[in-house]
1. Scan the range 16-45 residue by residue and report those that are more than 24 Å from Pro73 (Cβ to Cβ) and touching a strand residue (DSSP E or B) at 6+ places or on another chain (Cβ under 9 Å).
2. If I go through the range 47-58 residue by residue, how many of them are surrounded by 12 or more Cβ atoms within 10 Å (Cβ to Cβ) and under 18 Å from Ala23 (Cα atoms)?
3. Kindly evaluate Val44 against the criterion of being β-branched (Val, Ile, Thr), farther than 24 Å from Pro7 by Cβ, outside any helix (DSSP H, G or I) and open to solvent by less than 60 Å² (accessible area, probe 1.4 Å).
4. Anything in the range 95-118 that is surrounded by 11 or more Cβ atoms within 10 Å (Cβ to Cβ) and either at pLDDT 95 or above or of a type in the set (Phe, Trp, Tyr) (or both)? List them, or say none.
5. Filter the range 1-37 down to the residues that are of a type in the set (Ser, Thr, Tyr) and in a helix (DSSP H, G or I), then identify the one that is surrounded by the most Cβ atoms within 10 Å (Cβ to Cβ).
6. Quickly run through the range 55-76 and pick out the residues that are touching a helix residue (DSSP H, G or I) at 6+ places or on another chain (Cβ under 9 Å) and either outside any strand (DSSP E or B) or touching a residue at least 24 places away in the same chain (Cβ under 8 Å) (or both).
Amino acid sequence: MTSSHDPQLLKGVLSLLLLHLLAEQESYGYEVVQRLQGAGFADVLEGTVYPALARLEREGRLASRLVASSSGPARKYYRLTGAGHVALAAGGAGWARHVAAVEAVLSRPLSATLQKGS
């Protein structure tokens, strides 16, 4: 899927996506961007991800370490902290409730008049 995503919706869920990806495996920023893009978020750029990673680290949800790279400067690898795992669990539960509530509204049948746009 390569269609663009609503920036406001993405902003609201980006931290949860980052926490989940980093719970799957420790990664550096550019790799996280590539993984997001591979998951269908083609319009997510480094300029969006790096500040979010820095914020999550400041909040104590991520820890980082520098790893030497043979192809350039050292890479900063991120991994979840205990607080990050708690935030991921809470965020996942909150997201599931949100999706269920939205789906409950959107699945309601519309009257024939409304469906025709009148």
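1. Leu19, Ala23
2. Summing the residues that are surrounded by 12 or more Cβ atoms within 10 Å (Cβ to Cβ) and under 18 Å from Ala23 (Cα atoms) in the range 47-58 gives 8.
3. In short, no.
4. Across the range 95-118, the qualifying residue is only Trp95.
5. That would be Ser15.
6. Residues satisfying the conditions are Arg55, Leu56, Glu59, Gly60, Arg61, Leu62, Arg75, Lys76.
The rows are residues; the columns are (1) in contact with a Lys or Arg (Cβ under 7 Å, 6 or more places away or on another chain); (2) closer than 19 Å to Gln8 by Cα; (3) surrounded by 15 or more Cβ atoms within 10 Å (Cβ to Cβ); (4) not acidic (Asp, Glu).
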site: Ala39; (1), (2), (3), (4): no, yes, no, yes
site: Gly60; (1), (2), (3), (4): no, no, no, yes
site: Ala63; (1), (2), (3), (4): yes, no, yes, yes
site: Arg75; (1), (2), (3), (4): no, no, yes, yes
site: Tyr78; (1), (2), (3), (4): no, no, yes, yes
site: His85; (1), (2), (3), (4): no, no, no, yes
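The values are calculated or read from the model by the stated rules, or taken from the named source; none is laboratory data. A quick note: this is a predicted structure, and the numbers were derived from the prediction, not measured. Neighbour counts are summed over all protein chains in view; Cβ atoms, including those assigned to glycine, are modelled from backbone coordinates with ideal geometry. Remember, those area values only see protein heavy atoms, side chains included, never the ligands or the DNA or RNA. Shrake-Rupley method; radii C 1.70, N 1.55, O 1.52, S 1.80 Å.
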